[in-house]
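Just so it is clear, none of the values below were taken in a lab; they were calculated from the coordinates. These numbers were taken from a predicted model, which means no experiment stands behind them. All Cβ positions, even for glycine, are placed from backbone atoms using ideal geometry, and neighbour counts span all protein chains on display.
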Amino acid sequence: MVNRHRGEIEARLDGRSYRLCLTLGALADLEHAFGDEDLLALAERFQKGRISARDAIRIIAAGLRGGGHPVDEEAVARMRAEGGAAGFVEIVVRLLEATFGGPPDACHEPERPPMGSESAVQAPKAPMAAVPQPQSHEAEQ
């Protein structure tokens, strides 16, 4: 069972359930990987709302290691998530929200976009939130 108050989330990768947590050590690893000098710089990076596939791999790998799973980035790059790329984005968003905080309703698991829908990452409107938000785009009628 995950503890949201400790910044933990649960995610399914390769059909298996994992606990992820960005511990202080995991955050230090991300600071180093991204070349950021401190936690504020790291949070500002994520607040910009743009996350590459490489970023997602690094964040998920750090979260898995923080959750007690000895995994490297190469192993994460080979994993599959429900919903494909959108599923990975959702995991990253939930993990960053659990770590840095998010909108007032962030204590609830977000709804997943329907399978096959397009998803994009967009910066949140909350002033101090440091995580991107996935949104599905439907054709305008």
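Highest average first, the peptides 16-28, 40-52 ordered by how many other beta carbon atoms sit within 10 Å of their residues are 16-28, 40-52.
Close amide H partners of Met79, meaning residues 5 or more places away or on another chain with modelled amide H under 5 Å apart, do not exist here. Backbone phi angles across region 11-21, fed through the Karplus curve with coefficients 6.51, -1.76 and 1.60 (θ = phi - 60°), yield HN-Hα couplings of 9, 9, 10, 6, x, 10, 8, 10, 9, 10, 7 Hz in residue order; Gly and Pro are listed as x. Packing, taken as the mean count of other beta carbons within 10 Å per residue, orders the peptides 6-15, 85-94 from highest to lowest as 85-94, 6-15.
Note on Asp14/Glu44: beta-carbon distance plugged into 1/(1 + (r/R0)^6) with R0 of 30 Å gives a FRET efficiency of 0.40. Here Leu64, Leu39 are placed in order of increasing Cβ neighbour count within 10 Å, fewest first, which gives Leu39, Leu64.
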